[in-house]
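The values are calculated or read from the model by the stated rules, or taken from the named source; none is laboratory data. Remember, predicted model here, so these are calculated numbers, not experimental data. For neighbour counting, all protein chains shown are included, and Cβ atoms are generated from backbone atoms with ideal geometry for every residue, glycine included. Surface accessibility is based on the protein's heavy atoms, side chains included, excluding ligands, DNA and RNA. Shrake-Rupley method; radii C 1.70, N 1.55, O 1.52, S 1.80 Å.
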Amino acid sequence: MLIAIPDLLTPAQVAQARRLLDAADWIDGRATAGHQGAHVKDNMQLPVDSPTAAEVGRLILQALGSNPLFMSAALPLHVLPPMFNRYSGGQTFGTHVDGAIRTLPGGQRIRTDLSCTLFFAEPDEYDGGDLVVEDTYGSQAVKLPAGHAVLYPSTSLHQVTPVTRGTRLCSFFWIQSMIREDSRRSLLFDMDVAIQQLGAESPAHPSVVSLTGVYHNLLRQWAEM
């Protein structure tokens, strides 16, 4: 399940983040790559202890917590603090799969069920730089407006194509969902969307309550806390 999340950040929030990110000190992204990723990764990243990463990361986490689409699609249990990368001058990140386990700042390990990329540069600011995700429907290329995000299973093979003009600036992070299996998350998401549509069209329809009960009973059965 690949889901675009429009307007996660407002234009004012994007502009604020861009000012901070443009003034930050960046390092070679291979410093934080795993064994497999180091062979195909060529970009710049903010250090994990960067004050800028922490400040902009808090802005992103606050926006995620108040975004109904993200909450419905991800059903998050834990969200890793956002990280930041930058591509220019032909830089790329070849085909790879994200590591299954990540560590929170306090030492707690989380399972990476979902990956999320949030865009800070407009598509016309750079050439290339598509996020290409392999899923059950084939390859999907994603290049979204600034402030928009895309959510996809961390089990997916994916890559960032070479940036041949301009600079691609993004945040990326991982989520451990209450629902481990992508197929079950997809089913719950589709049901939640249908319940909301039915509720908006026929608020008094008795099926709204019945379907909501089914949704929560499935969530109760499948959720890991």
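Need one value: the accessible area of residue 42 in square angstrom, 1.4 angstrom probe, rounded to the nearest 10.
Approximately 50 Å² for this residue.
Please calculate how many Å² of accessible area segment 115-210 carries per residue, with a 1.4 Å probe and no DNA, RNA or ligand atoms counted.
Heavy-atom SASA per residue in segment 115-210 reads 44 Å².
For residue 80, what is the net charge nearby, where nearby means another residue's Cβ is under 12 Å from its Cβ and Lys, Arg count +1, Asp, Glu -1?
Net charge in that neighbourhood comes out at +1.
Please give the per residue volume of the convex hull enclosing the alpha carbon atoms of segment 1-123, rounded to a whole number of Å³.
130
So if I take the centroid of the Cα atoms in segment 48-95 and the same for segment 153-200, what is the distance between those two points in Å?
Computed from Cα coordinates, the inter-centre distance equals 12 Å.
Suppose R0 equals 22 Å; then what is the FRET efficiency for residue 135 and residue 222 from their Cβ-Cβ distance, rounded to the nearest 0.05?
0.55
What full-extension length gain, to one decimal in nm, is calculated for residue 186 and residue 155 as 0.36 nm per residue of separation minus the Cα-Cα distance?
9.7 nm
Relative contact order for the chain using alpha-carbon pairs under 8 Å, separation at least 6, rounded to a whole percent? List each step's numbers first, then the result.
Values: 422 pairs, mean separation 55.1, N = 225.
It rounds to 24 percent for the chain.
Among 132, 47, 8, whose Cα sits farthest toward the positive end of the charge dipole of the chain (+1 at Cβ of Lys/Arg, -1 at Cβ of Asp/Glu, about the Cα centre)?
47
Whole-Å semi-axes of segment 75-158's equivalent ellipsoid, largest first, each the root of 5 times a Cα gyration tensor eigenvalue?
23, 16, 13
Send over the per residue convex hull volume for segment 48-207, Cα only, as a whole number of Å³.
136
Express the relative contact order of segment 107-225 as a whole percentage, based on alpha carbon pairs under 8 Å and six or more residues apart in sequence.
30
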